[in-house]
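Worksheet: the structure to be examined is printed underneath.
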Amino acid sequence: MIFDTHAHYDDKAFEADRDELLNSMEEYGIGHIVNVCASIGEFQRTISLTEKYPFVYGAVGVHPDDADKMTQETLDEIRRLSRLEKVVAIGEIGLDYYWHKEEAEHQVQKEMFRAQMEIAREEKLPFMIHSRDAAQDTLEIVREYMNGSMYGGIIHCFSYGKEIAQEYLKMGLYLGIGGVVTFKNAKKLKEVAEIAPLEQIVLETDCPYMAPEPFRGTRNSSRNLPYVAKALAEIKGITPEEVIDVTEKNAKKLLSL
Ligand code: NI
C-alpha cells in the first residue's frame, strides 16, 4: 500500500471534510501517512491526528519560516513530544532562503535547524528536511550531523539538481518525491528521479499543496499519490506497483515501523 511520508492534514484546508477524507484512505490504497508539523504552536493538532487514526504517524518540528519565533521552550516541547510512541521523525526542519533573503534571518534559521538536528540525534529519530534556495548551507549542516551517529532522514520535496542529489544519496538519505514529478516543466526533478535508486526514494504529498497533474493547483491529498507513482514508474521503466511497494518498504525501514 502507498506510504505518504509528508502530509499536513492539520491544515485549515481540510477543516470541512478531514474525517471523511482520512476515513477513505484505506479504500484508496493508502496504508500509512506521516502528518508533519510546520508552524509553531500547532504540534497538538498533529498529535491529535496520530491518536485518532491508527495509520497516521507524526513528525514534530518547526519549519524555517517560524525559526525566528522559536525559544528554548519550543525546543523542549519538541523533545518531549518526540518521545511519544507515534512520533516517528523530527520535521519539518531546514532552511528557506526563497522567502527569507536577509543574512540575519539565515543565521537564525541555521541555529534552529542545528538545534532540531541535535534533538533528532539525541532521540535517535530520523529528520525531515525542507530546503529551498539554500542548497549549500543545507548540505553543509546535514553533513555535519551525518558525520556523527545520526539516524538518517528524508530531503522533502527535493528541488535541487543531480549533483546535490548525489551528495545526499551518498550519505544514505532518502529523497521525498511528490506531485512536482508529474509537471511537464519539471525537467530537473525528472533527471534526479532517474539517477536516484528506487531504494532511496519515498513518496509524499505535502498536501494540501503540490497536487500532481491532472489536478495541479487544486487541494492535494494522499489519494492523488497513484499519479506520482505512475510518473516515477514511467521514468524508471517499471510498474507503478513496484514503485508503491519499494517506497513503502523504504519508509517503513527509515521510520522503524
Ligand atoms: Ni511540508
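The values are calculated or read from the model by the stated rules, or taken from the named source; none is laboratory data. Computed from a prediction, not measured in an experiment: that's the story for all the values here. Cβ placement follows ideal geometry from the backbone for every residue including glycine, while neighbour counts extend to all protein chains displayed.
Scanning for something without any contact (Cβ under 8 Å) to a residue 24 or more places away in the chain and not acidic (Asp, Glu), does the stretch 74-82 turn up at least one residue?
Scanning the stretch 74-82 turns up at least one residue that is without any contact (Cβ under 8 Å) to a residue 24 or more places away in the chain and not acidic (Asp, Glu).
Applying the selection to the stretch 1-40, what residues are at pLDDT 95 or above, among the β-branched types (Val, Ile, Thr) and under 20 Å from residue 81 (Cα atoms)?
Result: 5, 33, 34, 36.
Name the single residue, out of those in the stretch 1-46 being surrounded by 15 or more Cβ atoms within 10 Å (Cβ to Cβ) and of a type in the set (Lys, Arg), that is farthest from residue 75 (Cα to Cα).
The qualifying residue farthest from residue 75 (Cα to Cα) is 18.
With the requirement that a residue be over 20 Å from residue 202 (Cβ atoms) and within 16 Å of the ligand (Cβ to nearest atom), what does the stretch 1-24 give you?
Scanning the stretch 1-24 gives 10, 11, 12, 13, 14.
Looking at 59, 38, 67 in this structure, which one is within 30 Å of residue 242 (Cβ to Cβ) and touching a helix residue (DSSP H, G or I) at 6+ places or on another chain (Cβ under 9 Å)? Before you say what the answer is, go through the steps one by one.
Working: 38 fails: within 30 Å of residue 242 (Cβ to Cβ); 67 fails: within 30 Å of residue 242 (Cβ to Cβ).
When all the criteria are applied, what remains is 59.
When you look at residue 132, is it surrounded by fewer than 20 Cβ atoms within 10 Å (Cβ to Cβ), at negative phi and away from the ligand (no atom under 16 Å from the Cβ), yes or no?
Against the criterion (surrounded by fewer than 20 Cβ atoms within 10 Å (Cβ to Cβ), at negative phi and away from the ligand (no atom under 16 Å from the Cβ)), residue 132 does not qualify.
Would you say residue 181 is touching a strand residue (DSSP E or B) at 6+ places or on another chain (Cβ under 9 Å), more than 21 Å from residue 46 (Cβ to Cβ) and surrounded by 23 or more Cβ atoms within 10 Å (Cβ to Cβ)?
no
Tell me which of these residue 159 doesn't satisfy, since it passes every other one: (1) within 16 Å of the ligand (Cβ to nearest atom); (2) at pLDDT 95 or above.
With respect to (1) within 16 Å of the ligand (Cβ to nearest atom); (2) at pLDDT 95 or above, residue 159 is out only on (2).
Which of the residues belonging to the stretch 54-81 are more than 16 Å from the chain's Cα centre (by Cα) and either more than 18 Å from residue 125 (Cα to Cα) or among the small types (Gly, Ala, Ser) (or both)?
From the stretch 54-81, those more than 16 Å from the chain's Cα centre (by Cα) are 54-55, 66-81; that's our starting set.
Passing the criteria: 54, 55, 66, 67, 68, 69, 70, 71, 72, 73.
Among the residues of the stretch 95-103, are any surrounded by 19 or more Cβ atoms within 10 Å (Cβ to Cβ), modelled with pLDDT under 95, over 22 Å from residue 71 (Cα atoms) and of a type outside the set (Phe, Trp, Tyr)?
Scanning the stretch 95-103, I find no residue that is surrounded by 19 or more Cβ atoms within 10 Å (Cβ to Cβ), modelled with pLDDT under 95, over 22 Å from residue 71 (Cα atoms) and of a type outside the set (Phe, Trp, Tyr), so the answer is no.
Which ranges mark the helices (runs of 4 or more DSSP H) fully within the stretch 141-257 that have 1 or more residues being among the charged types (D, E, K, R) and closer than 26 Å to residue 22 by Cα?
In the stretch 141-257, 225-236, 240-254 are the helices (runs of 4 or more DSSP H) which contain 1 or more residues that are among the charged types (D, E, K, R) and closer than 26 Å to residue 22 by Cα.
Among the residues of the stretch 96-129 satisfying the criterion of being within 14 Å of the ligand (Cβ to nearest atom) and in contact with a Ser or Thr (Cβ under 9 Å, 6 or more places away or on another chain), which is farthest from residue 43 (Cα to Cα)?
96
Report whether or not residue 90 is within 16 Å of the ligand (Cβ to nearest atom), of a type outside the set (Asp, Glu), closer than 25 Å to residue 254 by Cβ and touching a strand residue (DSSP E or B) at 6+ places or on another chain (Cβ under 9 Å).
Taking the combined requirement at face value, the residue satisfies it.
Of the numbered conditions (1) crowded, with 21+ Cβ neighbours inside 10 Å; (2) over 17 Å from the mean Cα position of the chain (by Cα); (3) away from the ligand (no atom under 16 Å from the Cβ), residue 51 satisfies every one except a single condition; which is it?
(1) is the only condition that residue 51 fails.
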